[in-house]
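To keep things clear, I will list the structure first and then write my remarks on it.
The values are calculated or read from the model by the stated rules, or taken from the named source; none is laboratory data. Values in this document were obtained by computation on a predicted structure and should not be read as measured data. Here Cβ is always computed from backbone atoms with ideal geometry, including for glycine, and neighbour counts include all displayed protein chains.
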Amino acid sequence: AQSVAQPEDQVNVAEGNPLTVKCTYSVSGNPYLFWYVQYPNRGLQFLLKYITGDNLVKGSYGFEAEFNKSQTSFHLKKPSALVSDSALYFCAVRDRAGNNRKLIWGLGTSLAVNP
Amino acid sequence: GAGVSQTPSNKVTEKGKYVELRCDPISGHTALYWYRQSLGQGPEFLIYFQGTGAADDSGLPNDRFFAVRPEGSVSTLKIQRTERGDSAVYLCASSAGTGTYQETQYFGPGTRLLVL
């Protein structure tokens, strides 16, 4: 069965410091991996995805994520956090095999960037 | 429109009533997805359409839930005999297609359903 774990309910970081939001996954085959951000009372916004190729993926708003197959991880990173990055972050996965297109989601990590 | 739109933004109904939730995808997107999100949870897949047909409805929780997309654009999620446990935010997403490089899902703002 496919699953996603986001081990931290909340991450706190000071503005200007690097941030990491963790994600690990489990699929039977090879994964497609996604990060989305959710601001209060707004929909989910796509940040970045890993499909194939370079393990380091760059996305919107200066975010990047590194696919690590051996550790089955896809941690989200940003070199210098902004207060405006404070939001709820979701990792999602789908198995490449088969025809299903549904995404399996983690529970989310609340990021608080303190000024 | 520029993004996925959903109406209504909020819906309050009484237990046992019927509700319809509408999703208008990004123009030209052939795939459409419905999820629901309960408080403190990630989105939970319900159903997805490729064109007019439901390609995967495995996430619909029971036969009170039904969705249609008759012309391959707008979709309606229908819930019969609503129960308090149906209260959640219902999210709609669309993607340009389902090929590897087309399948990024773009989400609407959601419909917040409250069943009293």
Inset, instruction - Consider B:G53 carefully, then state whether it is more than 11 Å from the chain's Cα centre (by Cα) and at pLDDT below 95. - result: yes
Legend entry - Single condition A:V11 does not satisfy, out of (1) surrounded by fewer than 18 Cβ atoms within 10 Å (Cβ to Cβ); (2) modelled with pLDDT of 95 or more: (1)
Inset, instruction - Out of A:S73, A:S84, report the one residue that is of a type in the set (S, T, N, Q), under 12 Å from the mean Cα position of the chain (by Cα) and more than 10 Å from every other protein chain (Cβ to nearest Cβ). - result: A:S73
Inset, instruction - Answer with yes or no whether B:G28 is surrounded by 17 or more Cβ atoms within 10 Å (Cβ to Cβ), more than 15 Å from B:L113 (Cβ to Cβ) and small (G, A, S). - result: no
Inset, instruction - Count, please, the residues in the stretch B:78-116 that happen to be farther than 19 Å from B:I26 by Cβ, at the interface with another protein chain (Cβ under 10 Å from one of its Cβ atoms) and not in a strand (DSSP E or B). - result: 0
Legend entry - Residue pairs meeting the criteria (Cβ under 6 Å; at least 6 apart or on separate chains; first surrounded by fewer than 23 Cβ atoms within 10 Å (Cβ to Cβ), in the stretch A:22-37; second hydrophobic (A, V, I, L, M, F, W, C) and not in a strand (DSSP E or B)): A:G29/A:A97; A:Y32/A:I51
Inset, instruction - For A:F46, state whether it is in contact with a Lys or Arg (Cβ under 7 Å, 6 or more places away or on another chain), within 11 Å of chain B (Cβ to nearest Cβ) and either on the phi < 0 side of the Ramachandran plot or not hydrophobic (A, V, I, L, M, F, W, C) (or both). - result: no
Legend entry - Set B:Y33, B:Y18, B:Y48: member being in contact with a Ser or Thr (Cβ under 8 Å, 6 or more places away or on another chain), facing another protein chain (nearest Cβ under 10 Å) and either surrounded by fewer than 18 Cβ atoms within 10 Å (Cβ to Cβ) or not small (G, A, S) (or both): B:Y33
